[in-house]
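Here the structure comes first, spelled out in structure tokens, and everything after it is commentary.
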Protein chains: 2
Amino acid sequence: MVPSETLFPLVTVDVALFTVIDDSLRVLLVQRALEPERRRWALPGGMLKPALDGSLEAAARRVLQRKVSVDVAHLEEVCTFSGADRDPRGWSIAVLFCALLQKDQVNALVRDKVEALEWADATNPGHRMAFDHALQLQTALARLRARVAAKALPLHMLPERFTLTQLQRTCEAILGHPLDKSAFRRRLKDSPDLVELDEFVRGAQRPAQLYRAGDGFSFSG
Amino acid sequence: MVPSETLFPLVTVDVALFTVIDDSLRVLLVQRALEPERRRWALPGGMLKPALDGSLEAAARRVLQRKVSVDVAHLEEVCTFSGADRDPRGWSIAVLFCALLQKDQVNALVRDKVEALEWADATNPGHRMAFDHALQLQTALARLRARVAAKALPLHMLPERFTLTQLQRTCEAILGHPLDKSAFRRRLKDSPDLVELDEFVRGAQRPAQLYRAGDGFSFSG
């Protein structure tokens, strides 16, 4: 079999990396340093390198490591985007991943091989985006919201120890609307995903209890 | 850029095609006519052909059309499987799709370019499967069950007009356990996914009303 561009499409991985900053859901955008779409803002991504990558997920982790020097707490595949028209270099497949970053890791990001990076508003990034990345972002955001609406807890975005108020605010930032505090607390009661700690921080009125993620917790269930 | 197998992985699409026969959830398996894994049972699948396929989903539809001459009512991407070890031909990506077939289409299947086909028990197919297709089947089944457990209605598997008993039996076959009839009926009440028809069929005790899917219904929501 003779490899040719007709037989072998271009394969890239792209990552929608979400965190919450100042109670607002943000996504990491990078400004492309190279053609095509140079200077356009994009989700961090790169070509699959079979010689380096054990899998598509490993490729996504390598790209995040190389472009912004980050290991993410949670990474999951969303879906693929494919066809002849989405990349000027030819028939291509982009495999989109969604990643959740712990708040306290945001400042550790180092920019490398990109012109600039920005934690853009996830619902309104304010840039014309490269390729089909606007659609990819929308798709990843819809998946994230559906998960949280279906009661998954975005603990991977929180520091190791957190209060229930911090957790509620993170869910609200993702969903884009406020949640009823008593209903929210009721459904957390007896959740195996949360472990009560014997530690408290100063709260608005009284000390707030700290929690950690239950052992074996996973956002994707 | 010189295409080579190192740069361009092999890309295939595989389809877990489900239906319900005699109240049991079945998946379509085909016996491979060609190497590698000749004679092994597999999910119907094939190589992506960028010159023919508009997208990966189009490739999945072409494969179903070519191998078993079927157009499916519902086709959705599940996830990818990738790496150097899953196919002896080299570093490969399989994009797995899940498809639901209407019961009354089952007999229309025509076998072509496969040794044999079989509607195997989806939870226990009874064959050693090719490549990582046992894992792919498990993954597609888990996705299908999670959807139905989350109250999606598998209407794409039913004939155009159906009774609520047929719908309940289909859900039970997918989930692998019985459902409480009154709770099931309660949650269907006022569902925009169901349209009551002014038609009845003979039921066990009294005539059973027929329903059809609501306009714009989609299993993936």
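The values are calculated or read from the model by the stated rules, or taken from the named source; none is laboratory data. In this text the structure is predicted, and so the values were computed from the model without any measurement. All Cβ positions, glycine included, derive from the backbone under ideal geometry; neighbour counts span all protein chains shown.
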Extreme residue, farthest from B:Cys98 (Cα to Cα), among residues of the range B:151-163 that are surrounded by 17 or more Cβ atoms within 10 Å (Cβ to Cβ) and touching a Lys or Arg at 6+ places or on another chain (Cβ under 9 Å): B:Phe162
Which listed residue, of B:Pro88, B:Pro125, B:Pro159, B:Pro154, is touching an Asp or Glu at 6+ places or on another chain (Cβ under 6 Å) and of a type outside the set (A, V, I, L, M, F, W, C): B:Pro159
Selection from the range B:120-143 of residues that are surrounded by 20 or more Cβ atoms within 10 Å (Cβ to Cβ) and either in contact with a helix residue (DSSP H, G or I) (Cβ under 6 Å, 6 or more places away or on another chain) or basic (Lys, Arg) (or both): B:Ala122
The lone exception for A:Phe81 - which of (1) more than 8 Å from chain B (Cβ to nearest Cβ); (2) modelled with pLDDT of 95 or more; (3) out of contact with any helix residue (DSSP H, G or I) (no Cβ under 7 Å at 6 or more places or on another chain) it fails: (3)
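Residues are listed down the side, and each one gets a yes or a no for (1) in contact with a Gly (Cβ under 8 Å, 6 or more places away or on another chain); (2) crowded, with 23+ Cβ neighbours inside 10 Å; (3) without any contact (Cβ under 8 Å) to a residue 60 or more places away in the chain:
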{"residue": "B:Met47", "(1), (2), (3)": "no, no, yes"}
{"residue": "B:Ser55", "(1), (2), (3)": "yes, no, yes"}
{"residue": "B:Arg61", "(1), (2), (3)": "no, no, yes"}
{"residue": "B:Glu77", "(1), (2), (3)": "no, no, yes"}
{"residue": "B:Asp85", "(1), (2), (3)": "no, no, yes"}
{"residue": "B:Leu96", "(1), (2), (3)": "no, yes, no"}
{"residue": "B:Lys103", "(1), (2), (3)": "no, no, no"}
Check on B:Arg38, surrounded by fewer than 22 Cβ atoms within 10 Å (Cβ to Cβ), basic (Lys, Arg), within 14 Å of chain A (Cβ to nearest Cβ) and out of contact with any strand residue (DSSP E or B) (no Cβ under 7 Å at 6 or more places or on another chain): no
Condition check for B:Ala108: of a type outside the set (Lys, Arg), out of contact with any helix residue (DSSP H, G or I) (no Cβ under 8 Å at 6 or more places or on another chain), closer than 29 Å to B:Leu158 by Cβ and at pLDDT 95 or above: no
Criterion: closer than 17 Å to B:Ala140 by Cα and either within 14 Å of another protein chain (Cβ to nearest Cβ) or of a type outside the set (Asp, Glu) (or both) - qualifying residue of B:Leu48, B:Leu28: B:Leu28
Output for the range B:7-21, where each listed residue is more than 14 Å from every other protein chain (Cβ to nearest Cβ) and either closer than 12 Å to B:Leu75 by Cα or out of contact with any Phe, Trp or Tyr (no Cβ under 9 Å at 6 or more places or on another chain) (or both): B:Val15, B:Ala16, B:Leu17, B:Phe18, B:Val20
Which numbered condition A:Leu117 fails, given (1) under 23 Å from A:Phe219 (Cα atoms); (2) touching a Pro at 6+ places or on another chain (Cβ under 9 Å); (3) assigned by TED's automatic domain parsing to the domain that holds A:Leu29; (4) surrounded by 15 or more Cβ atoms within 10 Å (Cβ to Cβ): (1)
Residue count, the range B:23-35 (criterion: out of contact with any helix residue (DSSP H, G or I) (no Cβ under 7 Å at 6 or more places or on another chain) and surrounded by fewer than 17 Cβ atoms within 10 Å (Cβ to Cβ)): 3
Some residue of the range A:124-136 being in contact (Cβ under 8 Å) with a residue 60 or more places away in the chain, part of a helix (DSSP H, G or I) and within 20 Å of A:Ala73 (Cα to Cα): no
When residues of the range B:174-191 are limited to those that are under 22 Å from B:Arg143 (Cα atoms) and of a type in the set (A, V, I, L, M, F, W, C), the one modelled with the lowest pLDDT: B:Leu188
Output for the range A:137-168, where each listed residue is under 17 Å from the mean Cα position of the chain (by Cα) and more than 18 Å from A:His74 (Cβ to Cβ): A:Gln138
Hits in the range B:146-195 (condition: out of contact with any strand residue (DSSP E or B) (no Cβ under 9 Å at 6 or more places or on another chain) and β-branched (Val, Ile, Thr)): B:Val148
